[in-house]
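The values are calculated or read from the model by the stated rules, or taken from the named source; none is laboratory data. Quick caveat: nothing in here was measured; it's all calculated off a predicted structure. Neighbour counts are summed over all protein chains in view; Cβ atoms, including those assigned to glycine, are modelled from backbone coordinates with ideal geometry.
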Amino acid sequence: MDLDLRKLRYFVTVADALHFGRAAEELHIAQPALSRQIRALEDDLGAPLFIRDSHGVVLTDAGRQLLDDAGPLLASARAVRRRVSVAARGGRRLVVGFRAGIPVIPAARAFGARHPDVVVDVQRTEWDDQAQTVLDGRVDVGFVRLPVDETGLRLVPLFTEPLLVALPTSHPLAGKEEISESDLAGERLIWHGDASTRPTRLPYPDSGLRAHGVDEKLEHVAAGRGITFVASSESLFYSRPDISYVPVRELAPDQVGVAMAASRPSRLADDFFAAAQATADVTAECGSYEMWRLASSVAAGG
């Protein structure tokens, strides 16, 4: 049995709306036709995906599992279509994923010297999709921040950079040249992943807020809801008047790596992968602690 991507797309639309009528309107098809497609998908999989009763529509356990798996699968199908479309037009294109604060330009320039006919596109990723976008083909090569699940990846660490604490400018520690982690005792932590991904094992009180990316973390910090930690290059990327970034002596550095899918060989991806390794020092310098200190000095009028 081959999984029908059209039926899968219909399923995701219904699962997001949890309403067959609204899903049918969004898909521009009749509701009875949509119901038939979902029943056919359930027959294909041999499992009910929705419970339909007078109270509405809810996902079954099988439906929740399919929803978890459907997003990457559909994204991979779109990536295949993109690559085929580019090839049909006679062009060559490489998509590079990057995290906030990690410059792509040094590696792109080195790669472009060997492949001047290839267009390098970029796509920003966050902690929760940085590996998946590489695995499902949305990006060909990705700059990632560790830790990351390395299953299915070819991954090489490139460099490390200091971690800083992000504080609202009204905080008593804001503007300090450097602090100790003990100075942050009792602060509420805003983080983007589970405890195993935190740069410290100290028991910070949980703020109850879980942010998707750096933007969201800093919005909560600026509002006084807690503190967070960012890499030094991220602090340059997100320089803002309501946030103060302060080095913390005891924190282990953030590690940046480059990744590509181990199961999808590509000469272009291999060459960009090599270019990223060759230019790691230049890339690291763009977000170095020295540059952060210079930017802080200029901002303070020094």
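Tabulated values for the structure
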{"item": "Flag if GLN132 is closer than 25 Å to ARG92 by Cα and modelled with pLDDT of 90 or more", "result": "no"}
{"item": "Residue check, ALA33 in contact with a Lys or Arg (Cβ under 8 Å, 6 or more places away or on another chain), loosely packed, with under 14 Cβ neighbours inside 10 Å, in a helix (DSSP H, G or I) and outside the structural domain of ASP140 (by TED's automatic domain parsing)", "result": "no"}
{"item": "3 or more residues more than 28 Å from PHE111 (Cβ to Cβ) and at pLDDT 90 or above: qualifying strands (runs of 3 or more DSSP E) within the stretch 171-288", "result": "243-247"}
{"item": "Odd one out for ALA113, checked against (1) over 30 Å from PRO241 (Cα atoms); (2) in contact with a helix residue (DSSP H, G or I) (Cβ under 9 Å, 6 or more places away or on another chain); (3) not in a helix (DSSP H, G or I); (4) not charged (D, E, K, R)", "result": "(3)"}
{"item": "Top-ranked residue of the stretch 121-131 - restricted to ones that are surrounded by fewer than 21 Cβ atoms within 10 Å (Cβ to Cβ) and in contact (Cβ under 8 Å) with a residue 60 or more places away in the chain, ranked as nearest to the chain's Cα centre (by Cα)", "result": "GLU126"}
{"item": "Failed criterion for THR160 (all others in (1) under 18 Å from VAL258 (Cα atoms); (2) in contact with a strand residue (DSSP E or B) (Cβ under 8 Å, 6 or more places away or on another chain); (3) assigned to a loop (DSSP other than H, G, I, E, B) hold)", "result": "(3)"}
{"item": "When residues of the stretch 212-237 are limited to those that are within 13 Å of LEU167 (Cβ to Cβ) and within 18 Å of the chain's Cα centre (by Cα), the one surrounded by the most Cβ atoms within 10 Å (Cβ to Cβ)", "result": "SER235"}
{"item": "Unmet criterion (only one of (1) assigned to a helix (DSSP H, G or I); (2) loosely packed, with under 14 Cβ neighbours inside 10 Å) for VAL14", "result": "(2)"}
{"item": "Qualifying position, being of a type in the set (Lys, Arg) and closer than 24 Å to TYR238 by Cα, among ARG124, ARG114, ARG92, ARG82", "result": "ARG124"}
{"item": "Residue match in the stretch 34-43 (condition: within 22 Å of ALA62 (Cα to Cα), more than 29 Å from the chain's Cα centre (by Cα) and of a type in the set (Asp, Glu))", "result": "yes"}
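This table checks each residue for (1) exposed (fewer than 14 other Cβ atoms within 10 Å of the Cβ); (2) farther than 30 Å from VAL139 by Cβ; (3) modelled with pLDDT of 90 or more; (4) of a type in the set (Val, Ile, Thr).
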position	(1), (2), (3), (4)
ALA23	no, no, yes, no
LEU27	no, no, yes, no
ASP43	yes, yes, yes, no
ALA47	no, yes, yes, no
ASP53	yes, yes, no, no
THR60	no, yes, yes, yes
ASP69	yes, no, no, no
